[in-house]
Structure formats: structure tokens, C-alpha cells
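Engineer: Following this message is one structure expressed as C-alpha cells.
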Amino acid sequence: MKKIFLLPLLFIPLFAHSWGFFGHRRINYYAVFLLPPEMLLFYKTHIAFLEEHAVDPDKRRYMIPAEGPRHYIDIDHYGDHPYPDLPRSWKDASSRYSADTLQAHGIVPWWLQTMLQRLTRAFTEKNQFADFGSVSAAWAISKEDFFKNQKIFSNLKLRASYGTTGNQGIVPYATKYAMNPSTVSVTDNPQSGFTLGQVLVDVNQRWETTYQTDIGLDMAFLKNKLTVTVDLYRKLTKDLLQTTNLEPSQAFPAGFRTNLGSVVNKGLEISVYGDLISNKNFGWKVNGNLTFNRNKVQDLQSDQFRRLYNGLESPIIIRNGSPIGSIYGMVEDGFYDSEAEVRADPRWRNLPDAQLKSKLGEIKYKDLNGDGNISEASDRTIIGNTQPDYTFGITNTFNYKKFTLTAFVQGAVGNDILNTNAINIRMGERTSMPKFAYDGRWTPENTANASWPRLDAGQSREMFFSDRFVEDGSFIRFKTLSFGYTFNLKGKIASTINVYGAVNNLMTLTNYSWFDPDVNSFGADASRKGVDMNSYPNTRTYSLGLRLSL
């Protein structure tokens with residue numbers, strides 16, 4: 001099917017009067033660049049041979065005089081820019097140009113547009129719709145006769161559900177090739193035309209589909225003053241809509257958007273609500289949640305990498321059996337503290353003494369594959385996981401007479417952060433650096449407690465992307481604290497008025513070294529979650545307000 005699709009996309013007008021195989025030869029040239037990525041590398045190498053010899057059958061056929069006019073591409077005859085308003089049927093084309101004109105000058109302009117429309121619909125509309133459904137059942141155990149005499153539960157319900165949902169999050173027109181206005185030179189006569197856009201398109205993109213199974217238990221105690229909900233779930237998402245990078249040799253600079261692999265999420269969610277104290281002068285309510293989630297990628301044909309910016313070797317890997325958003329890099333092994341340690345490295349053992357001493361205080365990296373050569377190509381491994389072990393949130397609301405105090409705390413535990421801000425700390429003598437890096441630099445007197453390499457006068461040191469830039473992102477944040485007072489009114493406009501003050505992002509407890517552990521520089525991109533790249537921290541805000549109740 002993909003080969004058929006090449007024909008209508010070759011929408012490159014060659015404004016020339018020539019036998020058909022000259023035009024077809026040019027079409028064959030552009031056809032190579034529309035091949036799937038896995039085929040492009042091979043065929044592009046032999047493009048000259050394909051361009052010339054793929055038309056050999058046409059050359060033999062055109063030796064018959066009667067065949068010539070049927071393949072003659074005399075596109076100038078149809079006007080300078082005939083494409084936007086080309087007829088869509090033979091009837092319209094013949095009424096506009098006459099059947100004799102179409103036979104004499106070729107039917108390519110009309111037929112190309114028709115085939116483009118037909119095949120585009122065939123590839124895209126077949127995946128335009130999908131069916132999704134769900135089924136659920138529940139058992140209210142607390143309403144059964146055998147359960148009525150117990151005094152522990154005021155409500156007990158067992159739930160189960162299964163369903164499918166879809167995500168059609170495809171960028172508009174991502175399933176269509178774009179044509180760019182361009183100038184085409186034919187026989188030294190530049191003419192306006194169109195060339196293929198620089199984005200490779202997968203016309204077979206389809207819905208990303210999630211299959212979810214959920215088993216839940218609803219419990220209530222103390223006459224419904226305390227409720228607990230527990231959900232155990234499994235979500236399998238297939239045909240993930242992802243952008244995969246292409247090799248430079250494949251001639252397309254932009255990423256390739258396609259359906260790629262699947263991911264499994266399994267977890268446990270616990271929600272608790274309690275109306276713990278409720279009397280005339282004092283009340284206390286609590287609402288909390290706790291979530292455990294485990295994530296695993298599967299069904300990929302090969303590892304996929306995500307770049308952050310040019311110059312940084314792809315530090316995010318998507319690999320079968322690992323969580324999505326795994327951090328990939330080198331593993332450090334301390335510093336070179338003595339000349340003997342430098343000599344023990346196969347790369348430096350034959351250096352002159354002066355150069356050997358320049359390696360003191362440099363970072364050592366582990367040779368993970370044991371070949372004696374340290375390189376990013378062979379010694380990288382997964383060094384971090386941006387997925388948290390668990391997340392939580394809890395809200396406490398206290399009422400004393402007409403005063404109300406509300407506090408919301410949230411947090412995450414066990415997730416790693418890729419701190420790209422620290423990558424630019426290269427310890428050059430003539431560059432600025434954070435005080436913690438300067439104080440922790442390697443010196444002959446500070447080898448045991450050094451956390452950063454020595455100062456480098458030339459700023460030419462070799463620093464690989466490594467676990468140095470991966471930090472624990474666990475945090476507890478006092479997200480919101482508000483305090484208010486309610487006035488009872490007897491007027492006709494409002495019955496009560498609440499005056500309150502609030503503070504957002506009051507305080508954060510974390511070991512993360514940079515500004516804010518609650519970061520995500522790439523927004524909704526799950527594959528690059530937990531990346532801190534010049535992120536602006538959450539700001540502390542103060543507010544005053546009024547609430548009227550009519």
C-alpha cells in the first residue's frame with residue numbers, strides 16, 4: 001500500500017514539453033524520498049540507477065508512435081497554476097478542456113489530483129473512526145441480609161469495570177503530506193512549482209487505545225463519617241502516538257509521528273474522607289489520597305531516544321521492560337586522585353608526564369562493557385527513573401465558631417529529576433559557577449569530600465552526561481494555607497460574607513538542589529517527564545478575597 005501512495009504525492013509540476021518517460025524519470029527521483037524510513041537508506045544510495053532504469057519499460061512502449069500522446073505531459077497547456085481548481089471527474093474535465101485536448105496534451109493534471117484525493121481518503125479515513133465501550137458491575141454487600149447485623153461497616157460495596165477509551169491526539173494534518181511552493185528548473189527555464197515538504201508522514205496513524213480493568217472497594221464507617229475507597233487498576237495503552245527521531249541519513253530533519261509500542265500502568269489508589277469532629281463550636285474534616293503506580297514499556301522494535309536540545313546526546317530512553325521516561329547516561333566512579341589512577345586508565349597510560357598530571361581531578365567513568373574504552377556509544381545505561389514510587393495529597397479543614405482554617409499538602413516520593421541546568425557547570429576558571437560547586441571542587445587537599453572536578457583553566461575538559469545530573473526529586477509541599485471569617489448578614493443582598501486570606505506555595509521540603517522539584521519542562525510529553533531545563537519555579541502568592549452567599 002505504501003508504494004501505491006507514492007504516486008499521487010509526487011505533485012511536482014515539470015513545466016516542459018517532453019515525452020512521458022522524461023517526466024516519469026523525474027517522478028522516480030522524488031519517489032525515493034517518500035519511501036518508509038526503513039527503506040529510504042538503501043534506495044537513496046542507488047537513486048541514480050533507479051531514476052534512469054525504472055523507466056526502461058516506458059521507453060520501449062513509447063517507440064510505438066500511437067502511445068506517445070497518451071503519456072505526453074504538456075502541463076503548460078492547462079494554465080500557470082491549474083492545481084487549486086482542477087476538475088474532479090472526467091465529465092468536468094472534458095467539459096472544461098474538451099476530450100480532444102485531454103487526449104492530445106495528456107490527462108495527468110486532472111488524474112493526479114483525483115488519485116491524490118482517492119488514495120488520501122483510503123489511507124486516512126479508514127482510521128478516522130473507532131469503537132470504544134465499557135461494562136461495569138457492583139455488589140452492595142452491606143444491603144445483603146447476612147450483613148445487616150454487623151456494626152463495623154455502614155456501607156460496603158464491591159465494584160468491577162472494564163472498558164476501552166481512545167486518544168486521537170494527532171496534530172492537525174499530520175496524516176497528510178505538505179507541498180511547498182518552489183522554483184523548478186527544467187531545460188534552464190525556471191518555473192514556479194511545488195516540492196515535497198520536509199516532514200515524513202505516516203498516513204496510517206490510528207487511534208491510541210487504552211484497555212482498562214478496575215476493581216474497587218467502597219467502605220464507610222461510623223455512620224458514614226469516615227469513608228475509604230480503594231481501586232486496583234491495570235491500564236494497557238496500545239499504538240502510542242509518539243514522535244520518533246530519524247537518522248540524518250534519511251534526509252528528513254523533523255521527527256516522524258507514528259503509532260509506536262505500548263505501555264502498561266498498574267497501580268493502587270486509596271482515597272479517604274473523614275468528618276472527624278462536628279459540633280457546635282468546632283469541626284475537623286480531612287480529605288486525602290495516596291497513589292502507587294508502576295509503568296512499563298513494551299512492544300517496541302528497538303530502543304527509542306528523546307533529545308532535549310542540540311548538543312546533548314539523547315538522555316531519555318524508551319526501552320522495553322523499563323518505565324517510560326527513563327534517564328540514560330554514563331555512571332561516574334569518583335575522580336582521578338593520583339597519577340597511578342590515571343596510568344591505570346588505558347586511555348591515558350602512555351601520556352607524557354605533563355599531560356598525565358592534567359588529568360588529576362578529572363571525573364572517572366565506569367567502563368560498563370569492559371572493553372577498556374570509555375565512550376557514550378557503549379558505556380551508557382539507565383541511571384534514573386522519573387516515575388515516582390507514590391504520590392499523595394491531604395487537605396485538612398478546621399472550623400472554630402465563625403473562623404475557618406484550610407491547609408493542603410501534596411508530595412511525591414521516589415522520582416528522579418534530570419537537572420539539565422547543572423550541565424553548564426564545567427568548572428572553568430573564567431566562568432561563573434554556583435558557590436556549592438566551587439566549594440565542592442576537587443583539590444589535592446580535598447579529594448575525599450570533592451563533589452565537582454578541579455578548576456580548568458582551558459575550559460576544555462571532557463564531561464559526559466552522567467548520573468551527576470540526576471537528582472532525587474522527592475518533595476513535600478505546603479501548597480495552600482487559607483484563613484477566613486464568616487459574617488452573618490440580615491440584608492436582602494447576601495446572607496453571609498466570608499473574608500479570607502490565602503498563601504499558595506508556602507513551603508517545600510526537598511533535597512533537590514535547584515529551584516523547584518515540581519517541574520516538567522516538556523509539559524504533557526510523558527516521555528520527557530521530570531526534566532528541569534531552565535524551568536521557572538512555582539511562585540509564592542498571597543491573596544485576599546470575599547465570598548458572598550445569596
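The values are calculated or read from the model by the stated rules, or taken from the named source; none is laboratory data. Keep in mind that what you see is a predicted model, and the values were worked out from it rather than measured. Here the Cβ positions follow ideal geometry from the backbone for every residue, glycine too, while neighbour counts run over all protein chains shown.
Engineer: Given the conditions (1) part of a helix (DSSP H, G or I); (2) surrounded by 15 or more Cβ atoms within 10 Å (Cβ to Cβ), which single one is not true for Phe436?
Structural biologist: (2)
Engineer: Please determine, by comparing only the residues of the range 367-412 that are over 30 Å from Ile277 (Cα atoms) and of a type in the set (A, V, I, L, M), which one is surrounded by the fewest Cβ atoms within 10 Å (Cβ to Cβ).
Structural biologist: Ala377
Engineer: Considering the range 467-514 alone, what residues qualify as being more than 30 Å from Glu376 (Cα to Cα), among the small types (Gly, Ala, Ser) and not in a strand (DSSP E or B)?
Structural biologist: Correct list: Gly491, Ala494, Ser495.
Engineer: With respect to the numbered conditions (1) part of a loop (DSSP other than H, G, I, E, B); (2) not assigned by TED's automatic domain parsing to the domain that holds Ser278, which one is the sole condition not fulfilled by Phe464?
Structural biologist: Here Phe464 meets the rest and fails (2).
Engineer: With respect to Thr431, is the statement that it is outside the structural domain of Asn281 (by TED's automatic domain parsing), at pLDDT below 95 and not charged (D, E, K, R) true?
Structural biologist: yes
Engineer: Go through (1) surrounded by fewer than 13 Cβ atoms within 10 Å (Cβ to Cβ); (2) at pLDDT 95 or above for Ala502 and report which single condition fails.
Structural biologist: Among (1) surrounded by fewer than 13 Cβ atoms within 10 Å (Cβ to Cβ); (2) at pLDDT 95 or above, Ala502 violates only (1).
Engineer: Something else about it: Taking interchain pairs and intrachain pairs at least six residues apart, which have beta carbon atoms under 6 angstrom, with the first residue in the range 294-305 and over 13 Å from Val264 (Cα atoms) and the second in a strand (DSSP E or B) and not aliphatic (A, V, I, L, M)?
Structural biologist: As it stands, the answer is Gln304/Thr244, since those pairs meet every condition given.
Engineer: Identify all residues within the range 439-465 that are in contact with a strand residue (DSSP E or B) (Cβ under 7 Å, 6 or more places away or on another chain) and either surrounded by 17 or more Cβ atoms within 10 Å (Cβ to Cβ) or within 21 Å of Trp514 (Cβ to Cβ) (or both); write none if there are none.
Structural biologist: Gly440, Arg441, Trp442, Ala450, Trp452, Pro453, Arg454, Leu455, Asp456, Met463, Phe464, Phe465
Engineer: With respect to the numbered conditions (1) over 25 Å from Leu368 (Cβ atoms); (2) modelled with pLDDT of 90 or more, which one is the sole condition not fulfilled by Gln459?
Structural biologist: For Gln459, the failing item is (2).
Engineer: Can you pull out every residue in the range 203-235 that is in a strand (DSSP E or B) and under 23 Å from the mean Cα position of the chain (by Cα)?
Structural biologist: Glu208, Thr209, Thr210, Tyr211, Gln212, Arg234, Lys235
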